[in-house]
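Nothing in this text is a laboratory measurement; each read-out follows from the coordinates by a stated rule. Quick caveat: nothing in here was measured; it's all calculated off a predicted structure. Positions of Cβ are backbone-derived with ideal geometry, glycine not excepted, and every protein chain shown enters the neighbour counts.
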Amino acid sequence: MNNSFINNKKYLYLITPPNLLTKKLLLKNFLIVLDKVLKTKKVKYLQLRLKNKKKNQVVNCLKKINFLCKKYKTICFINDFTDNKILNYCDGVHLGQKDLSKNKIKKILLQKKYLGITCHNSEKFAKRALEYNPTYISFGSFFNSKTKKIQYFANLKNISWFIKKFNVPCAAIGGINIENCRKLLKTNFRLFAVCSGIWGYKKGPEIAVKELYKLINKNENISK
């Protein structure tokens, strides 16, 4: 297993924008921006999250994104998909609660891929996730999100018991950005999953990843 999942460093976990593969964000244009973002070497994990797309679109997109991830030594995740052809072009799979199944998890682990599981704000979900031997689990949303409609909100009291009791890396998700992430810095979250807080940053995504990386590693000397 990659040691970045078991050491005590904090990492950026970047999620692709929801309008990817639409007229508003063509793949060729996104790849140009993504190359510049990953070139900063501040993004350790990238998750391709595509909804309501055909399999061939997902495979084509994942191939090209995974090429950039390999180039910059970024670990590449796909959201929900477990088809063997798709698994060939990623390092891991993140599964939501609605997508959990023993068959899917078996395929992921047999291919020796990393496994992430969404647990929302639920102690029950977190304990059940441990039965599948995940690489990490995620809690959230901690803030309002522009990426998707929030059904579950989490707070630090909800999940502090898990972090203290279990030695499984946790990801904080949901509406995280440069302005609000300080509220989470004193926790033992290892991964900070960010989407619109990077892609929608007024100074651009390259500046956003650099500033957020400094923040989560407790360096307050960011540019204003």
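Details
- Per residue, the average separation of C-alpha pairs within less than 8 Å and at least 6 apart gives the stretch 9-216 a relative contact order of 21 percent.
- Cα-only Debye scattering, the stretch 1-114: base-10 log of I(q)/I(0) at q = 0.10, 0.14, 0.20 Å⁻¹: -0.29, -0.57, -1.15
- For the chain, fraction of C-alpha pairs farther apart than 29 Å, in %: 20 percent
- Full-extension gain in nm, K127 to N84, via 0.36 nm per residue minus C-alpha separation: 12.7 nm
- Computed magnitude of the charge dipole of the stretch 86-224 (debye, nearest 20; Cβ of K, R +1, Cβ of D, E -1): 220 debye
- Among 90-97, 149-156, the order from most to least packed when residues are scored by Cβ within 10 Å on average: 90-97, 149-156
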